[in-house]
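Just below is one structure, and these are the notes that go with it.
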Amino acid sequence: MKRSDIMGKNELRDGVEKVKKYYIESLQEAGIFYEQDADPASLPLSELENMFRMLGSLR
């Protein structure tokens, strides 16, 4: 595996984590997640995205 492939995968992983963090913070602000809830970061990105989209349609 080339070094650039590894760097690309790390950048992709970082990007996914940033998107997940944005979704989680937005859902927390809306009162969907609370501090005492189970770790929302363990949810798959697709589930967080669906929740985020549903929140947008409610607003």
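Write out, first by first residue and then by second, each pair whose Cβ atoms fall under 8 Å of each other, whose residues are 6+ apart or on separate chains, and whose first residue, in region 10-23, is part of a helix (DSSP H, G or I) and open to solvent by 100 Å² or more (accessible area, probe 1.4 Å) while the second is β-branched (Val, Ile, Thr) and modelled with pLDDT under 95.
Nothing qualifies.
Return the residues of region 35-59 that are open to solvent by 100 Å² or more (accessible area, probe 1.4 Å) and over 15 Å from the mean Cα position of the chain (by Cα); say none if nothing qualifies.
GLU35, GLN36, LEU58, ARG59
Can you tell me which residue among ASP37, ASP5 is assigned to a helix (DSSP H, G or I), out of contact with any helix residue (DSSP H, G or I) (no Cβ under 6 Å at 6 or more places or on another chain), modelled with pLDDT under 90 and not polar (S, T, N, Q)?
Answer to the selection: ASP5.
The values are calculated or read from the model by the stated rules, or taken from the named source; none is laboratory data. In this text, all values refer to a predicted model and were calculated from it rather than measured experimentally. Here the Cβ is made from the backbone with ideal geometry for all residues, glycine too, and neighbour counts use every protein chain on show. For the accessible areas, the whole protein counts, side chains as well, though only heavy atoms, and no ligand, DNA or RNA atoms are used. Shrake-Rupley method; radii C 1.70, N 1.55, O 1.52, S 1.80 Å.
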